[in-house]
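Working notes, beginning with the structure itself.
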Amino acid sequence: MKKQYLFSFVLATLSFIAAKSLQEVGVENYYHQKASHFEKEDGYFDLVHPEAIASLPMGVNPFTDFVIMDSTHLICLDEQVGGVLLYDLNENKSQGYLPTGLDSRITEVSKIDSTIILFDENKDLHFVLPPYDSLSITTVSLKDNSFFSSGMCLHESTKRLFFVGQSDMDNDRQNYLLYTFNLNQRKLNERPLFEIKSEDIEFFAIANNIGLPINQVDEVSDSLEFFSFNPDVIAVHPKTNEIYVLSSANRSLAVYNQFGQVVNFTVLKQELFQDPKAMTFYPNGDLLLTNSDLKNPSIIRIKWNKLFQSKASHGLIFGR
């Protein structure tokens, strides 16, 4: 009986492992299919000549994250108070904080359909339904997961959230991992999609003659040493399905395809983007960035310029 029980237990364990592996393969294949068959639109951003710049009125703190609510409104994160507010772009004023009743400080904000998604300092993910008050919230805890988020956004075509999480130190540089959260199953995939490495961006920039901000100091010689990319913001372009990752400290903007390859990189002009903190896209492809400079906090809109004929097989070109 004991041998039969042991055999049954081993068989059940192997079946569970096999089912788990098939599930992971299924998730990866689903993502791969979605990414591979996305009809990418060719275009570019001119980051030197914005479409519009709206200075925030007196009394409104700079936004550290935001997402498009509708054609005229943003859901914005005021990290100084840990609250989320509705902002009217047409009138350029706040319409007040959402009465979520949450005590924890919110660190990330996103949205799918009419549901606002909030991530807090305790690694709790809150789903807030209309009318966006304390009675319309459901919560999923991610406390048991080892990653620490530094950015969150929606991947519309797969109905998943993307999280940028920190990994261990490697060659004196902090690397980051991109995780996915299935919104239908309300579950985090513990296997990262790909890794964000400073050296990958550095190699791409050198190969394409793009200048890098060298921002690390050698403590021994007190000299500038190497480029370090520390992502703070992530967003997916709706027309290209490419993943934009912003390092606020050195105003570096890297673009990845769906399989983790660097496809573009630029450094934002300090004259326009003294302290970029948040980034999102309109459905038509236009880019919104915040400049969180305390002297002149603003929202900057960059037009997506569609190309009807791609040149040199480039899907996206900065500063054309």
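Reported count of residues in region 89-122, each being assigned to a loop (DSSP other than H, G, I, E, B) and buried (at least 18 other Cβ atoms within 10 Å of the Cβ), is 4.
In the list Leu246, Leu288, which residue meets the criterion of being in the same structural domain as Phe194 (by TED's automatic domain parsing), closer than 18 Å to Gly165 by Cα and in a strand (DSSP E or B)?
Every option except Leu246 fails the conditions.
Just the residues that are at pLDDT 95 or above and within 14 Å of Leu178 (Cβ to Cβ), please, taken from region 247-260. Correct list: Ala254, Val255, Tyr256. Checking Ile75, Ile112 one by one, the residue that is touching a helix residue (DSSP H, G or I) at 6+ places or on another chain (Cβ under 9 Å) and in contact (Cβ under 8 Å) with a residue 24 or more places away in the chain is Ile112 and no other.
Run down Pro62, Pro57 and say which single residue is over 18 Å from His237 (Cα atoms), outside any strand (DSSP E or B), over 20 Å from the mean Cα position of the chain (by Cα) and at pLDDT 85 or above. I'd like the intermediate steps shown before the answer.
Details: Pro62 fails: over 20 Å from the mean Cα position of the chain (by Cα).
None of the other options fit; the residue is Pro57.
What's the total number of residues in region 262-283 that are without any contact (Cβ under 8 Å) to a residue 40 or more places away in the chain and of a type in the set (S, T, N, Q)? Residues flagged as without any contact (Cβ under 8 Å) to a residue 40 or more places away in the chain and of a type in the set (S, T, N, Q) within region 262-283 amount to 2. Just checking, does region 284-297 include any residue being charged (D, E, K, R), crowded, with 19+ Cβ neighbours inside 10 Å and under 18 Å from the mean Cα position of the chain (by Cα)? So far as region 284-297 goes, yes, one or more of its residues are charged (D, E, K, R), crowded, with 19+ Cβ neighbours inside 10 Å and under 18 Å from the mean Cα position of the chain (by Cα). Would you check if there is a residue in region 133-143 being touching a residue at least 40 places away in the same chain (Cβ under 8 Å) and either charged (D, E, K, R) or in contact with a Lys or Arg (Cβ under 8 Å, 6 or more places away or on another chain) (or both)? Yes - at least one qualifying residue is present in region 133-143. A search for C-beta distances below 7 Å between a residue of region 226-239 that is closer than 13 Å to Asn257 by Cα and any residue that is part of a loop (DSSP other than H, G, I, E, B), counting only pairs 6+ apart in sequence or on different chains, returns His237/Gly285; Pro238/Pro283; Pro238/Gly285; Lys239/Glu41; Lys239/Gly285.
I need the full set of residues from region 47-67 which are under 12 Å from Gln80 (Cβ atoms) and buried (at least 21 other Cβ atoms within 10 Å of the Cβ), in order please. Result: Pro62, Phe63, Thr64.
The values are calculated or read from the model by the stated rules, or taken from the named source; none is laboratory data. Remember, it's a predicted structure, so these values are computed and weren't measured experimentally. Neighbour counts run over all protein chains shown; Cβ positions are idealised from the backbone, glycine included.
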